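Encoded as structure tokens, the structure appears first; notes follow it.
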Amino acid sequence: MSATALPGLGDSLARLGTETAFSVLARAGELERLGRDVIHLEIGEPDYATPLHICEAAAEALRAGETHYCPAAGIPEFREAIAAFLSRTRGVDVNPENVLVGTGAKPFLFFTILATCNPGDEVIYPDPGFPIYESAIRWAGATPVSLPLLESRDFTFDLNDLADRLSPRTKLVVLNSPQNPTGGVISREVMAGAAELLAGGNAWVLSDEVYSQMLYDGEFASVVSHNGLLERTILLDGLSKTYAMTGWRCGFAAVPEPRVDPLVRFFVNSTSCVPPFVQLAGVAALTGPQDESQAMIEEFRVRRDLIVAGLNDLTRRLLSRAARRLLRIPQRLGGLDPRRAARRSPAPGSRRRHPRRQRVRRGRQEQPAAQLRKLAREPRACPRADADAPRAPVNERQEYVKRRRAPRPTRRVKWPNATGGR
């Protein structure tokens with residue numbers, strides 16, 4: 001019997017990107033199930049549990065039978081709580097009727113672009129930025145226009161760069177502050193200048209502010225606070241980051257009146273609604289005690305300061321070593337022209353240069369690659385099923401290699417991670 005060829009995939013799929021952090025997260029989960037100890041730096045979520053009072057509110061709602069369909073736009077109690085929260089934190093008057101609830105923030109990103117842009121329209125987005133921005137823009141057939149975030153400006157954009165990219169073809173401008181992934185924060189002065197530029201055109205604005213409550217320095221500024229831009233801005237926020245609720249999948253936005261019905265139709269056609277017990281947990285998050293959330297953010301501040309200080313110190317040391325090497329180069333060359341010195345220098349890896357290092361390299365090369373990979377996967381090499389379990393001693397790993405009949409290294413070779421090894 002001959003096999004029938006299946007139809008191919010849609011052409012538009014080639015334009016759809018992805019967020020690779022999820023594939024790395026899946027791989028990390030596989031390693032953890034094998035007993036490996038993994039430090040998660042791949043996915044953007046707090047390593048704290050959701051505050052207990054929020055969980056209890058969800059459990060109470062479940063017991064009360066809040067397990068059925070609800071309005072696609074969101075339940076009234078949650079929309080009112082969101083409107084009060086956004087009004088308080090942005091200094092604007094948000095109407096509950098303009099608040100929508102979605103299964104996280106991504107549906108708002110995706111559906112706003114689909115509801116706003118036609119093929120050929122231009123969308124300005126921050127670069128580097130959240131990968132879903134460009135993915136959704138390209139999938140909709142619009143043209144992505146990157147707005148560079150400059151390290152010299154603490155990873156915010158230059159107003160001149162924004163002005164140069166605005167054109168009659170600009171249909172949507174995506175702003176993100178605090179920014180993912182750089183952590184840059186748009187200052188109040190720059191935000192005011194951006195609002196003035198945007199007010200002079202007719203583009204819609206999508207302001208991604210899901211990290212608005214996780215600010216370590218300075219003050220938060222939103223574009224909706226300037227020049228009446230609330231009527232042209234999809235103001236996006238959510239519960240995932242501030243309340244460690246990434247798995248609950250609950251985001252929300254204040255949406256201009258002309259965009260309310262289109263976005264609700266997208267919800268009806270895709271996710272239907274956010275479960276009501278999740279929304280009632282959201283009411284508890286926004287209106288309940290904020291102690292645990294603030295303590296979590298303060299701990300993140302301490303970690304940030306520690307990592308930044310450590311990286312800066314490491315960078316200084318590396319630069320110092322590089323400077324020392326560069327200073328020694330003229331002495332080694334004896335004043336020779338660099339091109340002549342290069343011809344006189346031994347080839348990389350030759351015995352004439354660093355014979356001791358060459359012997360170490362040869363000893364390592366003799367190790368079969370398959371055995372080394374198996375050793376890396378072996379639970380004994382990293383047996384910790386939990387963070388408190390001790391690591392296997394170095395000599396135990398070496399004995400394991402011997403039992404696997406690995407070739408014995410020369411006496412000059414020191415194994416990686418051994419005491420005194422390089």
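None of the figures in this text is laboratory data; all of them are computed from the coordinates on show. The structure presented is a predicted model; accordingly, all values stated were derived computationally and were not measured. Because the Cβ atoms are built from the backbone with ideal geometry, glycine has one as well, and the counts that use them run over all protein chains shown.
The modelled label-to-label distance between Thr315 and Glu299, using points 7 Å beyond Cα along the C-beta direction, is 2.8 nm.
Extension gain for the segment Ala84 to Ala21, taken as residue separation times 0.36 nm less the Cα-Cα distance, is 19.3 nm to one decimal.
Sorted on the mean count of surrounding Cβ atoms within 10 Å across their residues, most packed first, peptides 266-274, 101-109 read 101-109, 266-274. Counting Lys and Arg as +1 and Asp and Glu as -1 over every other residue whose Cβ lies under 14 Å from the Cβ of Pro96, the net charge comes to -3. Could you list log10 I(q)/I(0) for segment 1-141 at q = 0.21 Å⁻¹, which the Debye formula gives when each Cα is one point scatterer? Log-scaled intensity ratios, in q order: -1.27.
If one computes the Cα centroid of segment 182-224 and of segment 107-165, what distance in Å separates the two points? Going from one Cα centre to the other spans 14 Å.
Rounded to the nearest whole Hz, the Karplus-based 3J(HN,Hα) values (6.51 cos²θ - 1.76 cosθ + 1.60, θ = phi - 60°) of segment 66-75 follow the sequence 7, 10, 10, 4, 9, x, 4, 6, x, 6, with x at glycine and proline.
3J(HN,Hα) along segment 37-52, derived from phi through the Karplus expression 6.51 cos²θ - 1.76 cosθ + 1.60 where θ = phi - 60°, amounts to 8, 10, 9, 8, 10, 8, 10, x, 8, x, 9, 10, 7, 4, x, 4 Hz, with x in place of Gly and Pro. In a fully extended conformation the segment linking Ala199 and Ala163 would gain 11.8 nm over its present Cα-Cα distance, using 0.36 nm per residue. For segment 52-289, the orientation-averaged shadow of the C-alpha convex hull comes to 12.1 nm² (one quarter of the hull surface).
The local environment of His40, defined by Cβ-Cβ distances under 10 Å, has a net charge of -4 under the rule Lys, Arg +1 and Asp, Glu -1.
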